[in-house]
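The values are calculated or read from the model by the stated rules, or taken from the named source; none is laboratory data. The model shown is predicted, which means the values in this text are computed figures rather than measured ones. Quick reminder, even Gly has a Cβ in these numbers, built from the backbone with ideal geometry, and neighbours come from all protein chains shown. Heavy atoms of the whole protein, side chains included, go into the accessibility calculation; ligands, DNA and RNA do not. Shrake-Rupley method; radii C 1.70, N 1.55, O 1.52, S 1.80 Å.
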Amino acid sequence: MLTIHKSGMQTTVQDFGRTGFQKYGVVASGAMDPYALRIANLLVGNEENAAALEITLMGPSIHFDEDHVISICGGNLTPQLDSKVVGCWRAIPVAKGQTLTFGKPRSGSRCYVAVAGGIDVPAVMGSRSTYARAELGGYEGRALDSGDQLAIGEASAAQKSAAHNGSWFVPSPSYSPNPVIRITKGRQFELFSEQSRKHFLSETFSVNSQSDRMGYRLDGPRLALTEAQEMISEAVVFGSIQVPADGNPIILMADRQTAGGYPKIAEVITVDLPLISQLKPGDRLRFKEVSVEEAQHLLKLQEKKINSLKQAIKYKRGEAR
C-alpha cells in the first residue's frame with residue numbers, strides 16, 4: 001500500500017491504454033511517454049504494461065507503508081526520498097515509512113513511478129489507465145488526491161532484491177526543450193498551400209498553455225489549405241497533427257478523440273512521441289520530414305534497443321539464464 005499525502009499538479013494511474021475500443025468511441029488514453037513507462041516497469045521486474053503513476057510537472061508526496069522497490073523514469077522532476085535526492089532510470093529500494101517527494105523539473109515535464117508488483121487498481125476494458133474526462137479507469141476515474149491509498153500487487157523475491165544488486169542504471173533519453181520532431185506526411189498534406197507546407201517544415205512552433213493530455217496546441221505560422229474543403233471525419237492516432245480553421249496545429253496525444261474532421265498535415269513518428277510528451281508550455285519545436293520506411297526503421301532500432309535492455313536488466317538482477 002502507498003498513500004498520497006499531497007496530490008501534485010496531476011498524478012494519474014496509467015499503463016499502455018485501451019486497445020480495440022476506439023471503434024466504439026472509447027478513448028485509448030495510456031502513458032504520454034510509453035518508452036519511459038516501459039523501462040520503469042522493466043527496471044523493477046514488472047511486465048512492460050503494468051500500471052504505474054504518471055506525474056506531471058509538480059510532483060506529489062507519496063508515503064510508503066511497506067518496503068518496496070521502485071523506479072522513476074521520464075523527465076527529471078528532482079525526486080527525493082526523505083529529502084535526499086535519488087537517481088532516475090534505476091531500481092531504488094524504499095523502506096517502510098519513507099516518503100517520496102519531487103522538486104523543480106530539471107528536464108522534461110513527466111515522469112513515471114513504477115513499483116515492483118504494479119499499481120493494483122481494477123482493469124476497465126482491459127486497461128488500468130485513467131481517462132479523467134469520462135471518469136474511466138485508474139483510481140476512481142480521476143487524478144489522485146491527498147489521502148488516496150493505492151494497493152500494490154505482489155512482488156516476487158527476485159523483484160524485491162532488484163535494487164540491491166549495485167548502482168547500475170539505464171541511460172536517459174535526451175529531453176530537449178526545443179527538439180526537432182520527425183514526421184511523415186499526413187493524408188491531407190498536399191491540400192495545404194505551398195507556403196504553409198514550407199513554413200511547417202522550416203519554422204519554429206511553441207507549445208501553447210492550453211495544451212493537455214488530449215492535444216498540444218502550437219503557436220507559430222498559421223497554416224492554410226489551398227482552398228476550403230468539406231471533410232468527412234476519419235480516424236486519428238497518437239501523434240496526428242490536425243490543423244483547425246484558425247491555422248494553428250494541434251498534435252493529438254494520449255487522450256485524443258477517436259476521429260476528427262480537421263485536415264491532417266502530418267503524423268509524428270512513434271519514436272519521437274516521448275520527445276513531444278515531455279514538452280511543457282513555452283517550449284519550442286521544429287519538424288523534419290522522414291519517409292515511412294525510415295520511421296519504421298527507427299522503430300525497429302528502438303525495439304532492438306529495448307530488447308537488449310531487457311536482457312541486460314535481467315542479467316543485473318541475477319535472472320539471466
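Relative to the Cα centre, the charge distribution of region 38-99, modelled as +1 at Lys and Arg Cβ and -1 at Asp and Glu Cβ, gives a dipole magnitude of about 240 debye.
Note on the chain: antiparallel DSSP beta bridges, both residues inside, total approximately 95 percent of the bridges counted.
In this Cβ point-charge picture (+1 for Lys and Arg, -1 for Asp and Glu), region 184-316 has a dipole of about 840 debye about its Cα centre. Considering only Phe64, Tyr139, Ile39, and ranking their Cα positions along the charge dipole of the chain that arises from unit charges at the beta-carbon of Lys, Arg, Asp and Glu, the one farthest toward the positive end is Ile39.
Largest to smallest in accessible area, the residues Tyr35, Tyr262 fall in the order Tyr262, Tyr35 (1.4 Å probe, all protein chains included). Among Thr11, Thr78, Thr226, the largest mean-square fluctuation in a Gaussian network model of the chain, built with springs joining Cα atoms closer than 10 Å, belongs to Thr226. The equivalent ellipsoid that matches the C-alpha gyration tensor of region 22-86 spans semi-axes of 25, 15, 12 angstrom, in descending order.
Among Tyr262, Ile241, Ser193, whose Cα lies farthest out toward the positive end of the dipole of region 180-290, if unit charges sit on the beta carbon of Lys, Arg (+1) and Asp, Glu (-1)? Of the options given, the answer is Ile241. Share of the chain's accessible area from carbon and sulfur, percent, 1.4 Å? The computed percentage sits at 49. Springs between Cα atoms under 10 Å define the GNM used for the chain, and in it the highest mean-square fluctuation of Phe238, Phe16, Phe189 occurs at Phe189. Given the options Leu77, Leu279, Leu299, state which has the largest fluctuation in a GNM of the chain using a 10 Å cut-off (strictly under) for Cα springs. Comparing Leu77, Leu279, Leu299 in the GNM, the peak value goes to Leu299. Every helix of 4 or more DSSP H residues in the chain counts as -39500 (n - 2.57), and over all residues that averages to -5000 deg cm²/dmol at 222 nm. Normalise the Debye intensity by I(0) for region 180-290, one equal point scatterer per Cα, no solvent, then take log10 at q = 0.19 Å⁻¹ and round to two decimals. The Cα Debye sum returns log10 ratios of -0.93. Computed 3J(HN,Hα) for region 196-202, one whole-Hz value per residue from the Karplus formula 6.51 cos²θ - 1.76 cosθ + 1.60 where θ = phi - 60°, is 5, 4, 5, 5, 4, 9, 10, glycine and proline marked x.
Debye-formula intensities of the chain, expressed as log10 I(q)/I(0) at q = 0.08, 0.11 Å⁻¹, are -0.37, -0.69 (one equal scatterer per alpha-carbon, no solvent). Rolling a 1.4 Å probe over the protein chains gives His199 an accessible area of about 50 Å². If R0 is taken as 25 Å, the Cβ-Cβ distance between Leu301 and Ser176 corresponds to a FRET efficiency of 0.80.
Counted residue by residue at 0.36 nm each, then reduced by the alpha carbon distance between them, the extension gain from Glu230 to Arg142 reaches 28.0 nm. Shape index of region 2-175: Rg/Rh, with Rg the Cα radius of gyration and Rh the Kirkwood radius from the inverse mean 1/r over Cα pairs, equals 0.94. Based on protein heavy atoms only, the chain ends up with 46 Å² per residue of surface accessible to a 1.4 Å probe.
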